[in-house]
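Participant: Below: one structure in structure tokens.
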Amino acid sequence: MLTNQYMNKSGSVELADAETTSLLDVRAIGKTYRSRGNLGAGADSYVLRDFSVRFEQSGRQVIALVGESGSGKTTAGRIALGLLTPTDGDVLYLGRPIREMPRRERKQFRRDVQAVAQDPYSAFNPFYRVGHIFHLAQRKLRMYATKAEERDAIEEALGFVGLEERDILARYPHQLSGGERQRLMIARALFVRPRLIVADEPVSMVDANLRLQILEIIERVRSELGISLLYISHDLSTVYKIASDIIVLHNGEVVESGPAHSVITNPSHPYTQLLIDSTPSPDPTVRW
Ligand SMILES: Nc1ncnc2c1ncn2[C@@H]1O[C@H](COP(=O)(O)OP(=O)(O)OP(=O)(O)O)[C@@H](O)[C@H]1O
Ligand SMILES: [Mg+2]
């Protein structure tokens, strides 16, 4: 059984702080990009503005980020992962701004906050057998002291996502189905034993059947492993199944946020209502 390392990792913060300090605190971030004018130069324009989200140390929190294409979801997710520097605001990990973290703490942050991407194909190197992604993670983060420990952890992670086939690690990315690749990406994230996963449209590229399967895995990641998730999607019907809270982005601005139930059943912004109305699924208000 994979267990989260929350218990022994919290030793790094003062006990008094441990209860009040958030795991990840994304504070009023903004991001601008230079838009290209005819002569090459242009003005800076915001693609994300005043965005905040907080995850507590207790875990098991799924917060969804929804909005149409181009609304700024991936930008927000990449900033939360520390992959993109915000123009305004700060990202705090265990109370410390990540931009001024010393190497060792930054490594811990990189390990604790993992990404699962929309298109798992792009995450694999086509020339390597898929088992390589685990060895890469181990080489970078050195989580396991021995080869045997590493092997056990890989096996556990694969078991958790239902990929028990013996030969799977020896295959090349193109020899896997889309669902297998996506589950493998989740397994890779679990192998690192994170506390938070940023999942950017993890089910948008798979068919309805697989979508349900992957959503079930994500729900077990939350409930059995105690991991929190920032779940990015444009599809409210999947979001409502697993998220406790929903943040709605529109043109880079938060137009609504709150408990999933009230956002869905009683939206206060017309854009949210539009999203709900355009949700194709049977009934977005039915939770698991
Ligand atoms: N590197 C970049 N340079 C300039 N503009 C960018 C860059 N990356 C993103 N943008 C712009 O920022 C805006 C938000 O993009 P983002 O990828 O965050 O949206 P999204 O909500 O994830 O969309 P989708 O649902 O299509 O994935 C878009 O208008 C996009 O064109
Ligand atoms: Mg995106």
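The values are calculated or read from the model by the stated rules, or taken from the named source; none is laboratory data. Everything numeric here is computed off the predicted structure, so don't read it as measured data. We place every Cβ from the backbone using ideal geometry, glycine too, and count neighbours over all the protein chains shown. SASA here: full protein model, heavy atoms, side chains in, ligands and nucleic acids out. Shrake-Rupley method; radii C 1.70, N 1.55, O 1.52, S 1.80 Å.
Participant: Taking all protein chains as present, what is the carbon and sulfur share of the accessible area of the chain, in % to the nearest whole number, probe 1.4 Å?
Facilitator: 49 percent
Participant: If I model a spin label as a point 7 Å beyond the Cα along the Cα-Cβ vector, how far apart are those points for residue 88 and residue 108 in nm?
Facilitator: For the pair residue 88/residue 108, the computed spacing is 3.1 nm.
Participant: Let me know the longest stretch in the chain that avoids all trypsin sites (Lys or Arg not before Pro) found in a DSSP loop with at most 15 other C-beta atoms within 10 Å.
Facilitator: Between exposed loop sites, the widest span is 172-286.
Participant: Can I ask one more? Semi-axes of the equivalent ellipsoid for the stretch 173-286, please: Cα gyration tensor eigenvalues, times 5, square-rooted, ordered largest first, whole Å.
Facilitator: Over the Cα atoms of the stretch 173-286, the semi-axes work out to 26, 16, 13 Å.
Participant: Using Stokes-Einstein with the Kirkwood hydrodynamic radius over Cα pairs, what translational diffusion coefficient do you get for the stretch 76-231 at 20 °C and a viscosity of 1.002 mPa s, in µm²/s rounded to a whole number?
Facilitator: Once the numbers are plugged in, D ends up at 132 µm²/s.
Participant: When only Cα pairs under 8 Å and 6 or more residues apart are kept, what is the percent relative contact order across the chain?
Facilitator: Dividing the mean separation by the residue count of the chain yields 24 percent.
Participant: A follow-up question, please. Go ahead and collect, in residue order, the members of the stretch 189-228 whose backbone nitrogen is under 18 Å from a label point 7 Å along the Cα-Cβ direction of residue 152.
Facilitator: Zone members listed by number: 190-194.
Participant: Radius of gyration and Dmax for the chain's Cα atoms, expressed in Å?
Facilitator: Looking at the chain, its Cα Rg and Dmax stand at 19.2, 58 Å.
Participant: Remind me, what semi-axes does the stretch 133-225 give for its equivalent ellipsoid, largest first in whole Å, using sqrt of 5 times each Cα gyration tensor eigenvalue?
Facilitator: 22, 16, 12
Participant: Suppose a student asked you for the relative contact order of the stretch 18-165, using Cα pairs under 8 Å spaced at least 6 residues apart; what percent would you report?
Facilitator: It rounds to 21 percent for the stretch 18-165.
Participant: Shifting gears a bit: If you take every DSSP beta bridge whose two residues both sit in the chain, what share of them, in percent to the nearest 5, is antiparallel?
Facilitator: The antiparallel proportion sits near 50 percent.
Participant: Oh, and also: If N is the number of residues in the stretch 114-180, what value comes out of its Cα radius of gyration divided by 2.2 N^0.38 Å?
Facilitator: 1.10
Participant: I want to check the label-to-label distance for residue 54 and residue 142. Put each point 7 Å from Cα in the C-beta direction and report it in nm to one decimal.
Facilitator: If labels sit at residue 54 and residue 142, their model points lie 3.6 nm apart.
Participant: In addition: Using only alpha carbons, build the gyration tensor for the stretch 157-200 and give me the equivalent ellipsoid semi-axes, biggest first, whole Å.
Facilitator: One finds semi-axes of 19, 12, 8 Å for the stretch 157-200.
Participant: Which lysines have a Cα lying under 17 Å from the Cα of residue 73, excluding residues fewer than 8 positions away in the same chain?
Facilitator: Partners within reach: 31.
Participant: Using all Cα-Cα distances in the stretch 198-238, what percent lands in each 10 angstrom bin from 0 up to the longest?
Facilitator: 29, 58, 12
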